[in-house]
Amino acid sequence: MRFNTGMKVVRISDEVWEIPVTEKPGMLVPARIYGTESILRAMDTGVFEQVTNVACLPGIRRYALCMPDGHWGYGFPIGGVAAFDVRSGIISPGGVGYDVNCGMRLIRTDLTREDVQPKLERLMTELFRRVPAGVGSTGFVSMDRQAFDGVMTKGARWCIERGYGWHRDLERIEERGCLSGADPSVVSDHAVKRGMNQLGTLGSGNHYLEVQVASNDRIFDRETAEAFGITGQDQIVVMVHCGSRGFGHQVASDYLKVFEKAMRRYGIAVKDQQLACAPFLSEEGQDYFAAMNCAANAAFANRQVITHQVREAFASVFGRSGEELGMELVYDVAHNIAKVERYSEGELVVHRKGATRAFGPGSQDLPACYRSVGQPVICGGSMETGSYLLAGTARAAADTFGSTMHGSGRTMSRTQAKKSISGEQLQQQMKQRGILVKAVSMSGLAEEAGFAYKNISDVVESVDRAGITKKVAELRPIGNIKG
């Protein structure tokens, strides 16, 4: 088959498709795309072009991968996964993304829809007040450069040491909320200035804070759901999607310029300048890795402060503490990151750009409470359609470097979406369907209309059938905060 790409695409299974190395000069490994045939046919041509460009990068191992939510991005497709040999491979900001450690956090509660519905308007107003959103929003945690150095090196633990959360939260955050190897000395003053006042803020774009319902009829694996603290019975949960904001963006911008020069020095040629990279073990590569870890830790800290504010908002509205309301963290996982992990090929630098880690049962990287069922995987849909909680599998480690989808994936540009509907119209339509939306910008709200995204259920079904993630529960929105 050739679809709309001109490239030969070979069916490996109903959910896995491969572009052979013969389809583009310079490909070192095949490119594999996950998704049903209908998902593949709907993918923009940029995905095929970009994933095969990634397959040409030095030191790449096994495959260049794209998940079913894949769409055109900067350098790598969003939904891209690639692993490079630590010794002979590269690291690329285009394989991480500008919003370093953009990721997902899910908080469960003991509340039900019946408890929350009468107070939903008040709750959303309180959440909107306590969690700043929108372009340029600043948080309530004031700090100087020394304090921000602590955020860069300690991540979520810095927040918890200051009362913004519970010590047991750390167990349920990827890498306990702190990536080692962060070095503030390789982060520019400009990046620090952009990040210092943004702790505890959502930002804009597709970032959100959403109050959701987990119903009995939408739980697919009861044993795993219960292990994650999801009981059904119209249970209320809270999902947060955000990252390192302007700080991570500046880190990426700074090092893309560095890498453009470094490539000439190291004799590296790429198919697309947006794939600017450097050898992982080079001075430039190690500096970027250390700076990226700083930004990732700031993102973990950002979501931790937001969690504190969410608990405070619920306590204010319901007159009981977060502890009394059962507001335990389910999990926090990154989907824009590069990490050193060990696979059959040895130590690899795994890039996940709009893709989520999905480690299976038995992994020593998981907290003891999840080791028997696998890692929670949190996948956000559009604000109109709902989201999913899944679990990682052993198959993911074997096939996709322990990776899976991260969301539904855009099918329409933000400009097109705004031409199709106004934010005010969308807000009213969603209210009529029982979803209360608070937004800083009506224009920004229109960009996130559900029709601008793939059908999240179709995307989830494809990774479930491919065996790289297991469906656990669908989560339906009743309240949403957008920047």
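Just a few scattered comments:
- Among (1) farther than 19 Å from GLN212 by Cβ; (2) surrounded by 14 or more Cβ atoms within 10 Å (Cβ to Cβ); (3) among the β-branched types (Val, Ile, Thr) - the single one THR415 does not satisfy: (2)
- Just one residue in the set GLY46, GLY35 is within 27 Å of GLN250 (Cα to Cα), within 22 Å of the chain's Cα centre (by Cα) and either touching a residue at least 40 places away in the same chain (Cβ under 8 Å) or surrounded by fewer than 19 Cβ atoms within 10 Å (Cβ to Cβ) (or both); that residue is GLY46.
- Filtered by the rule that a residue be hydrophobic (A, V, I, L, M, F, W, C), closer than 26 Å to THR201 by Cα and part of a strand (DSSP E or B), the stretch 446-483 gives LEU475, ILE478, ILE481.
- Helices (runs of 4 or more DSSP H) wholly inside the stretch 113-160 that include at least 3 residues being without any contact (Cβ under 8 Å) to a residue 24 or more places away in the chain: 145-154
- When restricted to residues that are under 11 Å from LYS482 (Cβ atoms) and in a strand (DSSP E or B), the stretch 408-440 contains 3.
- Cβ-Cβ contacts under 9 Å between residues 6 or more apart (or on different chains), taken from a first residue in the stretch 237-248 that is touching a residue at least 60 places away in the same chain (Cβ under 8 Å) and under 16 Å from GLY155 (Cβ atoms) to a second residue that is in a helix (DSSP H, G or I) and hydroxyl-bearing (Ser, Thr, Tyr), are listed as VAL240/THR307.
- In the stretch 316-360, the residues that are touching a helix residue (DSSP H, G or I) at 6+ places or on another chain (Cβ under 6 Å) and within 13 Å of ARG61 (Cβ to Cβ): HIS351
- Selection status of THR109, among the polar types (S, T, N, Q) and buried (at least 19 other Cβ atoms within 10 Å of the Cβ): yes
- Screening THR356 on (1) of a type in the set (S, T, N, Q); (2) closer than 22 Å to VAL51 by Cβ; (3) out of contact with any His (no Cβ under 8 Å at 6 or more places or on another chain) shows it passes everything except condition (3).
- Of residues in the stretch 80-106 being of a type in the set (Val, Ile, Thr) and buried (at least 24 other Cβ atoms within 10 Å of the Cβ), the one nearest to VAL51 (Cα to Cα): VAL81
- Residue match in the stretch 254-271 (condition: charged (D, E, K, R), under 20 Å from ASN101 (Cα atoms), at pLDDT 95 or above and assigned to a helix (DSSP H, G or I)): yes
- Counted residues, the stretch 249-296 - those being of a type in the set (Gly, Ala, Ser), touching a Leu at 6+ places or on another chain (Cβ under 8 Å) and surrounded by fewer than 24 Cβ atoms within 10 Å (Cβ to Cβ): 1
- For the stretch 323-331, the condition of being in a loop (DSSP other than H, G, I, E, B) and within 28 Å of PRO30 (Cβ to Cβ) holds for none of the residues.
- Condition met for ARG264 (within 30 Å of ARG414 (Cβ to Cβ) and charged (D, E, K, R)): no
- Strands (runs of 3 or more DSSP E) fully within the stretch 23-88 counting 2 or more residues that are closer than 15 Å to ASN4 by Cβ: 60-71
- Of everything in the stretch 353-376 that is in a strand (DSSP E or B) and out of contact with any Phe, Trp or Tyr (no Cβ under 8 Å at 6 or more places or on another chain), the residue that is surrounded by the most Cβ atoms within 10 Å (Cβ to Cβ) is THR356.
The values are calculated or read from the model by the stated rules, or taken from the named source; none is laboratory data. The structure displayed is predicted, hence computed values, not measured ones. Cβ sites come from the backbone with ideal geometry, for glycine too, and all protein chains shown count toward neighbours.
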